[in-house]
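Here the structure is laid out as structure tokens; the discussion comes afterwards.
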Amino acid sequence: SQQGEEDPQALSIQEGENATMNCSYKTSINNLQWYRQNSGRGLVHLILIRSNEREKHSGRLRVTLDTSKKSSSLLITASRAADTASYFCATVSGNTPLVFGKGTRLSVIA
Amino acid sequence: NAGVTQTPKFQVLKTGQSMTLQCAQDMNHEYMSWYRQDPGMGLRLIHYSVGAGITDQGEVPNGYNVSRSTTEDFPLRLLSAAPSQTSVYFCASSYSYGEAFFGQGTRLTVV
């Protein structure tokens, strides 16, 4: 069964605004990763955060992890039209590969 | 750099036909996986491999076979296609369970 659950399912914002997506998961994890998918194409890795980390930054991306609440958030600052995509969280637990959530569809309106 | 290459990009099958989806990677990754993506369902794991000669089942393995004879290749076989297997299939590879690299997908329609 799917581990991660993103919230909201869809998000529409104006260019320049910040976008926040949340992910909740069920079991303990080794790491949590965020991916972007443009319109049915392959997924692209954005950022990985390990279970002993609480926050990580990469360019305009900020990811937080709260293992006590089994949740993570992805913040995209100063959104651009090119950020329009689906965003997925995925978790790694034990010796199993990535388990994905259902994703958040982000629309950034110019 | 080719990364992860999937072929074909598109395929239409008749119910009951068999076919093999090809996946090759040139990054010397030990870990490879197959996922299917259906509308509103995210990606679900079909089969995975942690090295040549080693494969295991994921969440939705029924109707699919895999083998891993080389590090580079991880083909997915549909034994007898069914309309329920209409989906987009993605292959991924990684070094251990870190960042995964995905192919561009195979869009399969079973009629």
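Readers should treat all values here as calculations from the given coordinates under stated rules, not as data from a laboratory. None of the values given here were measured: they were computed from a predicted structure. Heads up, the Cβs are rebuilt from the backbone with ideal geometry, glycines too, and the neighbour counts pull from every protein chain shown.
Enumerate the calculated ³J(HN,Hα) couplings along region A:22-29 in order (Karplus 6.51 cos²θ - 1.76 cosθ + 1.60, θ = phi - 60°), each rounded to whole Hz, writing x wherever the residue is Gly or Pro. Running phi through 6.51 cos²θ - 1.76 cosθ + 1.60 with θ = phi - 60° gives 10, 9, 10, 9, 9, 10, 5, 10 Hz.
Counting only trypsin sites (Lys or Arg not before Pro) that are in a DSSP loop and have at most 12 other C-beta atoms within 10 Å, tell me the longest site-free stretch of chain A.
On the way: sites that count: A:54, A:69, A:80.
In short, A:1-53.
Provide a whole-number value for the mean count of partner chain Cβ atoms within 10 Å of the Cβ atoms in peptide A:91-99.
Details: counts 1, 5, 1, 1, 4, 7, 16, 12, 6.
The shielding value for this peptide is 6.
From the alpha carbon centroid of region A:29-101 to that of region B:24-66 is 20 Å.
Between the amide H of residue B:105 and those of B:6, B:91, distances stay under 5 Å, these residues lying 5 or more places away or on another chain, with hydrogens modeled in the peptide plane.
In chain B, taking the dipole from charged Cβ atoms about the Cα centre, the farthest positive-side position among B:27, B:50, B:91 is held by B:91.
Note down the relative contact order for chain B as a percent, whole number, built from C-alpha pairs under 8 angstrom at least six residues apart.
On the way: 294 pairs, mean separation 39.7, N = 111.
Relative contact order for chain B comes out at 36 percent.
With Cα atoms as the point set, the protein assembly as shown shows a radius of gyration and Dmax of 17.3, 51 Å.
Over chain B, the fraction of Cα-Cα pairs per 5 Å bin, rounded to whole percents and listed from the shortest bin up, is 2, 13, 24, 27, 19, 10, 4, 1. Taking amide H atoms as placed 1.01 Å from N in the peptide plane, list the residues 5 or more away in sequence, or in a different chain, whose amide H sits under 5 Å from that of residue B:19. Counting only residues 5 or more places away or on other chains, the set is B:78.
Taken one residue at a time, the phi angles of region B:30-40 give Karplus couplings (6.51, -1.76, 1.60, θ = phi - 60°) of 7, 9, 9, 9, 10, 10, 10, 10, 10, x, x Hz. Gly and Pro are set to x. In this structure, residue A:26 and residue B:67 have a Cβ-Cβ separation that, at R0 = 30 Å, corresponds to a calculated FRET efficiency of about 0.45. For chain B, the dipole from Cβ point charges (+1 on Lys and Arg, -1 on Asp and Glu) about the Cα centre works out to 460 debye, to the nearest 20.
The stretch between residue A:50 and residue A:17, if pulled fully straight at 0.36 nm per residue, gains 9.1 nm over its current Cα-Cα span.
Need one number: % antiparallel among DSSP beta bridges in chain B, to the nearest 5. Taking every DSSP beta bridge within chain B, about 90 percent pair in antiparallel fashion.
Rounded, prolate or oblate: which fits region A:31-95, taking a ≥ b ≥ c as square roots of the Cα gyration tensor eigenvalues, rounded meaning a/c under 1.5, else prolate when a/b beats b/c? Oblate is the answer for region A:31-95, as a/c is 1.5 or above yet b/c matches or exceeds a/b. Take each residue of peptide A:39-48, count the partner chain Cβ atoms within 10 Å of its Cβ, and average: the result is 5. Taking trypsin sites (Lys or Arg not before Pro) as exposed when DSSP calls them loop and at most 15 other C-beta atoms lie within 10 angstrom, chain B has its longest site-free stretch at B:15-111. Kirkwood-type hydrodynamic radius, chain A: 13.8 Å, calculated from all non-identical alpha-carbon pairs. Applying both filters, DSSP loop and at most 15 other Cβ atoms within 10 Å, to the GluC sites (Glu not before Pro) of region A:1-80 gives A:15, A:17, A:53.
The alpha carbon convex hull volume per residue for region B:56-103 rounds to 100 Å³. Under 5 Å between amide H atoms, partner at least 5 residues away or on a different chain: which partners does residue B:55 have, H built in plane at 1.01 Å? For residue B:55, no residues qualify. Working note: Karplus 6.51/-1.76/1.60 with θ = phi - 60° gives region A:70-84 the couplings 6, 8, 9, 10, 10, 10, 10, 8, 6, 4, 10, 4, 5, 7, 4 Hz, where Gly and Pro are set to x.
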